[in-house]
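The values are calculated or read from the model by the stated rules, or taken from the named source; none is laboratory data. Source: prediction; values computed, not measured. In this analysis, Cβ positions are derived from the backbone assuming ideal geometry, glycine residues included, and neighbour counts consider all displayed protein chains.
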Amino acid sequence: MFENVQQGPVDPMFDLKKLADNDTSPEKVDLGVGIYRNENGQYHEMEAIKEYESTTGNPQFLEYAAQIMFGEKCEALVSGQITSVQTISGTGANHLAALFLKRCSGSKANSVYLGTPTWGNYEPLCSLVGMDIVKYPYLDPESGTVNFDTLLEMVSQAPPQSVFILQACCHNPLGVDLTQSQWRKLANAMKEASVFPFFDIAYQGLGGSQEEDAYAIRLFTEMGFEMVVCQSFSKNFGLYGERCGVLHVVCSTATIAAKVYDQLRCLIRWEFASSPAYGSRLVNLIMESPRLRQLCELSLMRSRILDNRRELFRLLKHVPGDWNMILATKGLFCCLPLSLLQCEQLQSKHRIYLPGNGRINISGLNSTNIDRVASAIVDVL
Ligand SMILES: Cc1ncc(COP(=O)(O)O)c(C=O)c1O
């Protein structure tokens, strides 16, 4: 997909800053980059504000982000085939990935395949960059599992280089993921059809361990796919307001990865210049601190979600209807079998707020409201 990607146009300011930063001579006078310096010639750090990051983000943070996603020992990572840039959270990673694919794939990545229902932002952000959307049904309503045969059929019929957006774990809105064996079959089918994986992963660690939730991404990387991976730190590091994310592009060689990096650098420069700094620094602090990592907050969040699932199921299992999806789904979400009217009644009669498709955020349940929610569901049914 990326073999014809060229070096991006030179950004003289970027190169100048790099040169000046690398010059350790005491005689250095840096009059280049447009920031206010103090009397000592240093970046002037105001009382409560720190300087901004470089265009492509905080390098230490990007290293940690790639390790969280691919594992420290990942061969493609060690050999420089994966290039990573900081983005405006997961949404920004998705946008940058779509923009990059559309601009730099030599008009190969024209169609994007979406299993629906899915996260509402994929369609507008892909349309925005001029990609054609092809939809297929993601769920088999009979079994409540992924409509896997249809997915395989779409893959085999798609023109080569078509893009398939895949949520790696904790599917939003359904909570229904592929099994590990399905990921392996899908990978083989996608290889054979020469279609392009576009992974989005916004809930890593909320379904299983971070490693388990990255299973598909690590598998596809090991199998030598070129692909994009959009990583969010909103939910699993609690950095919603900091807009902290990463786009990783896995390439077939380190030379291609360097060119891809250069194109991404240009797109970032033209669109938002650099990413917010604090989120990445907070991630670094956590990753560097054994004490903070030992807090294991993510696994506590995950087990609380599981407890809530078990309790809601216990409260509803005697009510007519199939409630197995509460236990069978993973992550923050689950779609309850409720009609639009029933969802509206939950809101108007019981002040319980959920979208009209019945999707509930399981973590919104707690010991003070779960009985009331279950009774209200029975009432509207
Ligand atoms: C599937 C999916 N991808 C990406 C995102 C992006 O999240 P953010 O931009 O907060 O990182 C979300 C957020 O809801 C999501 O559900």
*Find all pairs meeting these conditions: Cβ atoms under 8 angstrom apart; at least six residues apart or on different chains; first residue within segment 270-295 and in contact (Cβ under 8 Å) with a residue 40 or more places away in the chain and outside the structural domain of residue 234 (by TED's automatic domain parsing); second residue among the hydrophobic types (A, V, I, L, M, F, W, C) and surrounded by fewer than 12 Cβ atoms within 10 Å (Cβ to Cβ).*
none
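Can you go through 83, 55 and tell me which one is hydroxyl-bearing (Ser, Thr, Tyr), at pLDDT below 95 and under 30 Å from residue 197 (Cα atoms)? Please lay out each step first, then the result.
Values: 83 fails: at pLDDT below 95.
The match here is 55.
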_Odd one out for residue 242, checked against (1) within 11 Å of the ligand (Cβ to nearest atom); (2) within 28 Å of residue 12 (Cβ to Cβ); (3) of a type in the set (Asp, Glu)_ = (2)
_Qualifying residues in segment 110-126 (those that are within 16 Å of the ligand (Cβ to nearest atom) and assigned to a loop (DSSP other than H, G, I, E, B)) - the one nearest to residue 357 (Cα to Cα)_ = 117
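Pick out, from segment 127-219, the strands (runs of 3 or more DSSP E) lying fully within it that include 3 or more residues that are in contact (Cβ under 8 Å) with a residue 24 or more places away in the chain. Spell out the reasoning first.
Values: elements: 132-137, 163-167, 196-201.
Filter on segment 127-219 gives 163-167, 196-201.
Name the residue, out of 346, 341, that is of a type outside the set (Gly, Ala, Ser), assigned to a helix (DSSP H, G or I) and within 24 Å of residue 142 (Cα to Cα). Before the answer, list the steps.
Numbers: 346 fails: within 24 Å of residue 142 (Cα to Cα).
None of the other options fit; the residue is 341.
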*Is it fair to say residue 225 is more than 16 Å from the ligand (Cβ to nearest atom), assigned to a loop (DSSP other than H, G, I, E, B) and either crowded, with 20+ Cβ neighbours inside 10 Å or of a type in the set (Phe, Trp, Tyr) (or both)?*
yes
